[in-house]
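One structure below.
The values are calculated or read from the model by the stated rules, or taken from the named source; none is laboratory data. The model shown is predicted, which means the values in this text are computed figures rather than measured ones. Here the Cβ positions follow ideal geometry from the backbone for every residue, glycine too, while neighbour counts run over all protein chains shown. In case anyone asks, the SASA skips ligands and DNA or RNA and just uses the protein heavy atoms, side chains included. Shrake-Rupley method; radii C 1.70, N 1.55, O 1.52, S 1.80 Å.
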2 protein chains.
Amino acid sequence: MEENSKRIVIVGGGLVGALCAYYFGKRGYRIDLYEYREDIRRSKSPRGRSINLSLSNRGRLALRDVGLEEEVLKSAVPMVGRRVHFQNGKCIYSVGRNFLNKFLLTAIESLPNVLLHFDCKLIDVNLKTDELTFYRCSSQDYLRVTGDLIIGADGAFSCLRRSLQSTPLFDCSQTYIDHGYIELRISPEQSHLMKPNHLHIWPRGSMMLIALPNIDKSWTVTLFMPLSEFDRLVYKEMVLEFFKQVFPDVIPLIGTDQLVNDVIRTKPSVLVSIKCSKLHYRDKFLIVGDAAHAIVPFYGQGMNAGFEDCTVLNNLLDKYSEDFGRVLEEFTRLRVSDAHAIADLAMYNYLEMRDLVTRPSYYLKKWFDKQMHRVVEDKWQPLYYSVTFTHTKYEVCLQQRDWQSKVLKRSLLLFGIVALSFSALTFINIT
Amino acid sequence: MEENSKRIVIVGGGLVGALCAYYFGKRGYRIDLYEYREDIRRSKSPRGRSINLSLSNRGRLALRDVGLEEEVLKSAVPMVGRRVHFQNGKCIYSVGRNFLNKFLLTAIESLPNVLLHFDCKLIDVNLKTDELTFYRCSSQDYLRVTGDLIIGADGAFSCLRRSLQSTPLFDCSQTYIDHGYIELRISPEQSHLMKPNHLHIWPRGSMMLIALPNIDKSWTVTLFMPLSEFDRLVYKEMVLEFFKQVFPDVIPLIGTDQLVNDVIRTKPSVLVSIKCSKLHYRDKFLIVGDAAHAIVPFYGQGMNAGFEDCTVLNNLLDKYSEDFGRVLEEFTRLRVSDAHAIADLAMYNYLEMRDLVTRPSYYLKKWFDKQMHRVVEDKWQPLYYSVTFTHTKYEVCLQQRDWQSKVLKRSLLLFGIVALSFSALTFINIT
């Protein structure tokens, strides 16, 4: 590893911050990573949200480039279920958030040039002096730091992004959806009732339940529905009545008591989508991951998109010989359009997963999509395939869907006309 | 004044924060107002941006309700110029930002139950403990406070709003326009060249210059244009060449040397528009003014909308017997739609002022608008009139414009057909 006297400050030690630190650490920079939580490897109650995550090709490539993929996959569960079953045997993985985060923190700690600082909450960014102020809860004091490059991987409510939003032409919008989610659990004992290695989906129009497998044979079940529906589920009877009506087969999987308790006790989490028109400021500040492009979880691409940021950043550092000014500018240019595309796709999938999959027309289209892919693999990639199993720019995936939709509609129309004409001719011949 | 043991914390001592403090102070609450700057009444160089502001009916009503209007108008310059000249002699006022801010601070200081704290920059909001952390630059220490109600009037880049954005369903978008502005000055000596008591506008398509009168007979001139154009004006020759081509009559008003120096030296300010879907959180937090709805300045309504927040808030406190929970909820319900409406109107006026006013069709419409208003005053209020000279909800002003536009288009079409028919008949009679 080359030595490099430049100092990189990374804000946030979640998945993307940790992987980003590993990338820069591998390049020989001096890295200081500041995380507002305690070290999750030592804390007893890590935060509970989104226990497991989908890991697909983009995320895998980012891990592979720094030699971490193999180890991660050992603790991930492949999901080859219907929605992700392609003829060439590709699959996505279900991987535990806490496992992966701990794994990445340990990986970066093995690098001598990386320092981890926990319990440091970023509270102020001075864009003139490039100074960050962190608050340390345990010692109730404040810490001031700066660096040659400051990277915000501090999540959807990024403090760094909020500061950058006051710089010229840094547009930003955040949109909550009116659905929230809670996480439930199927214990390993009930696991025999579930088809293994699949992503299970219960689509129900305005609501949806999904289950992802864990390495210990338990399943994490996520219930998505309007926040107003959650508000109604306050008594045992209501919860049971609701599940009997909407998801009757899930009751034995989780167990009546467990189900009722968890639903009543758990406050639903909300979901937000964030789009920015810029991801950097000068040659000094950059945001990545959720801080740059939080998306709704319905494409399983949140972590993958964040990891892909690391790949893109790494390639640009090579291309522009680590000239931060050019790297950051190019990162914004390349990544904003992709971030917007995957945000839109995720939002669209939110509709598709809970509603469209219940309609026959959806399956007709899917079937046609699959046949076309079978015949001209490279030229016709179904949207889900290109997003999940290739490294095609998200923006291009979205563009492909647009022209494919047109072809698909026309083909189905043509097919209808031919079928009709054929029937008519047959009818004439008969009479 | 009744005594009230409840404590109100106000963040920001700009125009809206100060007026809001005055309103609550008048009601007998204990008020603490925290402002990040030094006391502008003592500082030598108050910040330079938007030296003077348009004060129209909404702002005047808010000042009048607490008995401050008369005093302010003494130091304001009425503008009765073409764009604001209505037959009933209504006018808007040009008022100095610094004067008004100092005046309001002095007014609130006269109330025994209000305390002002300067040099206190809000850096953290704890939404669980309702605790605010301020940083004091002079003593380099931190201050923690809380209150029964916490109001953020801390401007477009409000720290309080940023915290509220992490609460459920608090959507927010911020959009920069690609135009910036700089402020120039016409000295009192050149003032005889300007028609007094008018708002002067030089519309030039993609750019625009406006001049507002000051009480000392000087004028504040604001040049709006694309940021890319400002970037080009770096040398004396370029500045002069530009003004000779685009605003030749402005050169003698400002003076060649002064003009060139000011344009080269001044960094253009950027303009941002901010829309939120909520303006409060629980019964505890509220945002007002630019923190809640920063808008572009082209309708002269920024301050007026902020002041109107105080009027609305005050009326709701009466209506709901100071039950903060209901007041805040109702404030969001009433004010979000108005804030969005005036944001859109201001953005539209940005186009109208610099471009549409140069087209004949604009004047035909304006003329028709005026005639209709003359005939049925109450039922037909031109948009500019209702926004500037009434207290009609902004949302309703916008709705009125929509149906008026339809009537106007149809009437002009009908007028055209009648005129054409008449010409045709005349022609037939002649031949």
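Applying the set (1) more than 17 Å from the chain's Cα centre (by Cα); (2) crowded, with 24+ Cβ neighbours inside 10 Å to A:Ser277 leaves exactly one unmet item: (2).
So which residues in the range A:342-383 are over 16 Å from the mean Cα position of the chain (by Cα) and among the β-branched types (Val, Ile, Thr), if there are any at all?
In the first step, residues of the range A:342-383 are kept if they are over 16 Å from the mean Cα position of the chain (by Cα); the result is A:351-352, A:354-383.
Of everything in the range A:342-383, those that are over 16 Å from the mean Cα position of the chain (by Cα) and among the β-branched types (Val, Ile, Thr) turn out to be A:Val357, A:Thr358, A:Val375, A:Val376.
Answer yes if at least one residue in the range A:201-220 is open to solvent by less than 60 Å² (accessible area, probe 1.4 Å), over 26 Å from B:Val125 (Cα atoms) and within 14 Å of another protein chain (Cβ to nearest Cβ), and no otherwise. It would help to see each step written out before you state the result.
Step one: list which residues in the range A:201-220 are open to solvent by less than 60 Å² (accessible area, probe 1.4 Å), which gives A:201-203, A:205-214, A:218-220.
Keeping just the survivors that are over 26 Å from B:Val125 (Cα atoms) gives A:201-203, A:205-214, A:218-220.
Adding the requirement that they be within 14 Å of another protein chain (Cβ to nearest Cβ) leaves none.
No, every residue in the range A:201-220 fails to be open to solvent by less than 60 Å² (accessible area, probe 1.4 Å), over 26 Å from B:Val125 (Cα atoms) and within 14 Å of another protein chain (Cβ to nearest Cβ).
Okay, residues lined up against (1) of a type outside the set (Ser, Thr, Tyr); (2) touching a Gly at 6+ places or on another chain (Cβ under 9 Å):
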residue: A:Leu259; (1), (2): yes, no
residue: A:Ile264; (1), (2): yes, no
residue: A:Ser269; (1), (2): no, yes
residue: A:Ser273; (1), (2): no, no
residue: A:Arg282; (1), (2): yes, yes
residue: A:Leu286; (1), (2): yes, yes
residue: A:Ala292; (1), (2): yes, yes
residue: A:Gly306; (1), (2): yes, yes
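Among residues of the range A:401-426 that are under 26 Å from A:Tyr385 (Cβ atoms), those with a Cβ under 7 angstrom from a residue that is at pLDDT 80 or above, sequence gap 6+ or separate chain, pair up as A:Arg401/A:Leu383. When A:Arg161, A:Arg136 are checked against the criterion of being more than 7 Å from chain B (Cβ to nearest Cβ), basic (Lys, Arg) and open to solvent by 10 Å² or more (accessible area, probe 1.4 Å), A:Arg136 stands alone in meeting it. For the range B:1-42, residues that are over 22 Å from the mean Cα position of the chain (by Cα), open to solvent by 10 Å² or more (accessible area, probe 1.4 Å) and among the aliphatic types (A, V, I, L, M) total 1. Looking only at residues that are free of Cβ contacts under 8 Å to residues at least 40 places away in the same chain and in contact with a Lys or Arg (Cβ under 6 Å, 6 or more places away or on another chain) in the range A:114-133, which one is least open to solvent (accessible area, probe 1.4 Å)? Restricting to residues being free of Cβ contacts under 8 Å to residues at least 40 places away in the same chain and in contact with a Lys or Arg (Cβ under 6 Å, 6 or more places away or on another chain), the top hit is A:Thr133.
Within the option set B:Lys236, B:Lys267, B:Lys244, being open to solvent by 60 Å² or more (accessible area, probe 1.4 Å) and either of a type in the set (A, V, I, L, M, F, W, C) or within 14 Å of chain A (Cβ to nearest Cβ) (or both) holds for one residue only, B:Lys267. Residue check: B:Ser386 meets all listed conditions (1) without any contact (Cβ under 8 Å) to a residue 40 or more places away in the chain; (2) over 22 Å from the mean Cα position of the chain (by Cα); (3) assigned to a helix (DSSP H, G or I) but one, namely (2).
Scanning the range B:164-195 for residues that are more than 9 Å from chain A (Cβ to nearest Cβ) and in a loop (DSSP other than H, G, I, E, B) gives B:Ser187, B:Met194, B:Lys195. Looking only at the range A:389-431, residues that are part of a helix (DSSP H, G or I) and closer than 25 Å to A:Ala343 by Cα come to 17 in all. Considering only residues in the range A:295-326 that are open to solvent by less than 20 Å² (accessible area, probe 1.4 Å) and farther than 20 Å from A:Leu63 by Cα, the one that is modelled with the lowest pLDDT turns out to be A:Phe298.
Mind telling me which of the residues A:Arg265, A:Arg232 ends up being among the basic types (Lys, Arg) and more than 26 Å from A:Glu352 (Cα to Cα)? First the steps, then the outcome.
Working: A:Arg232 fails: more than 26 Å from A:Glu352 (Cα to Cα).
Within the list A:Arg265, A:Arg232, the selection yields A:Arg265.
Can you tell me which residue is most open to solvent (accessible area, probe 1.4 Å) among those in the range B:389-400 that are in contact (Cβ under 8 Å) with a residue 12 or more places away in the chain and of a type in the set (A, V, I, L, M, F, W, C)? Of everything passing the filter in the range B:389-400, B:Leu398 is most open to solvent (accessible area, probe 1.4 Å).
Are there any strands (runs of 3 or more DSSP E) wholly within the range B:32-144 with 1 or more residues that are modelled with pLDDT of 85 or more and under 18 Å from B:Val288 (Cβ atoms), and if so which?
Details: elements: B:52-55, B:77-79, B:92-96, B:114-117, B:121-126, B:131-136.
Result: B:52-55, B:114-117, B:121-126, B:131-136.
Scanning the range A:145-158 for residues that are out of contact with any helix residue (DSSP H, G or I) (no Cβ under 6 Å at 6 or more places or on another chain), assigned to a loop (DSSP other than H, G, I, E, B) and either within 11 Å of chain B (Cβ to nearest Cβ) or not small (Gly, Ala, Ser) (or both) turns up A:Thr146, A:Asp148, A:Phe157.
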